[in-house]
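Undergrad: Please read through the structure below; I'll follow up with questions.
A short reminder: the numbers here are calculations on the coordinates, not readings from a lab. Every value quoted in this text rests on a predicted model; they were computed, and no experiment measured them. Heads up, the Cβs are rebuilt from the backbone with ideal geometry, glycines too, and the neighbour counts pull from every protein chain shown.
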Amino acid sequence: MKSKPQTIAILGRQPALGLAELESLYGAKHIQPFGKSACLLDIEFQNINFNRLGGVIRVAKILTHLPSQKWVEIEKYLLETSPERAKSVNGKLSFGISVFGLAVNNRQVAKTALLLKKAIKGRKT
């Protein structure tokens, strides 16, 4: 990969197949494996044709890179930055949190999601 990753692809139950699809469509030089079930792409999110990817279950734009792998610090960052980002959304906002490759339990992620919902709701009004 020559430039900074812009997109992350979450691979399906056969990760090698999803990776092969991405390499076939976009070239191996634009793809970097990321753990066992994901890969990073140096292609802009809007240029990924998700409809052509049977072995990829999710594609997301990378908004930032966090140096920490501590959930407490990640939660703090989300609570500080998400309300401001949400202000640009007109109408109803739907969001979710997915965690890959980080040791955090579902209860903590759900707690963070509720805190984010409250922070965003308080900021939008």
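Undergrad: Quick one: putting +1 on the C-beta of Lys and Arg, -1 on the C-beta of Asp and Glu, what dipole do you get for the chain around its Cα centre, in Debye to the nearest 20? Mind showing how you got there, number by number?
TA: Working: 20 positive and 8 negative charges, 119 e Å.
Taking the Cα centre of the chain as origin, the dipole is about 580 debye.
Undergrad: Something else about it: According to the Kirkwood expression over distinct Cα-Cα pairs, how big is the hydrodynamic radius of segment 71-124, in Å?
TA: Details: mean 1/r = 0.0851 Å⁻¹.
Over segment 71-124, the inverse of the mean reciprocal pair distance is 11.8 Å.
Undergrad: Counting other Cβ atoms within 10 Å, which GluC sites (Glu not before Pro) in segment 34-98 have at most 11 and lie in a DSSP loop?
TA: Sites meeting the loop and neighbour criteria: E44.
Undergrad: Along the charge dipole of the chain, which of L115, L19, F100 sits closest to the positive end, that is, farthest toward it, with unit charges on the beta carbon of Lys, Arg, Asp and Glu (+1, +1, -1, -1)?
TA: The one lying farthest along the dipole's positive direction is L115.
Undergrad: Here is a further query. Restricting to bridges with both residues inside the chain, how much of the DSSP beta-bridge set is antiparallel, in percent to the nearest 5?
TA: 100
Undergrad: Continuing with this model, one more query. Based on DSSP H runs of at least 4 residues, each adding -39500 (n - 2.57), what is the mean residue ellipticity at 222 nm of the chain after dividing by all its residues, to the nearest 500 deg cm²/dmol?
TA: -12500 deg cm²/dmol
Undergrad: Please determine, in degrees from 0 to 90 and to the nearest 10, the orientation of helix 71-86 with respect to the longest principal axis defined by the Cα atoms of the chain, where the helix direction is its Cα long axis.
TA: So the inclination is approximately 80 degrees.
Undergrad: Oh, and also: As a quick test, which of the pairs K4/K117; K76/K118; K76/K111 have an alpha carbon distance above 19 angstrom in this structure?
TA: K4/K117, as the Cα separations exceed 19 Å there.
Undergrad: Tell me, what is the percent relative contact order of the chain, built from C-alpha pairs under 8 Å that lie six or more residues apart?
TA: The normalised contact order for the chain reaches 25 percent.
Undergrad: Let me ask something else. Run through segment 1-56 and list the trypsin sites (Lys or Arg not before Pro) located in a DSSP loop whose Cβ has at most 10 other Cβ atoms within 10 Å. It would help to have the intermediate numbers written out before the result.
TA: On the way: sites: K2, R13, K29, K36, R52; in loops: K2, R13, K36.
Within segment 1-56, the qualifying trypsin sites (Lys or Arg not before Pro) (loop, at most 10 other Cβ atoms within 10 Å) are K2, R13, K36.
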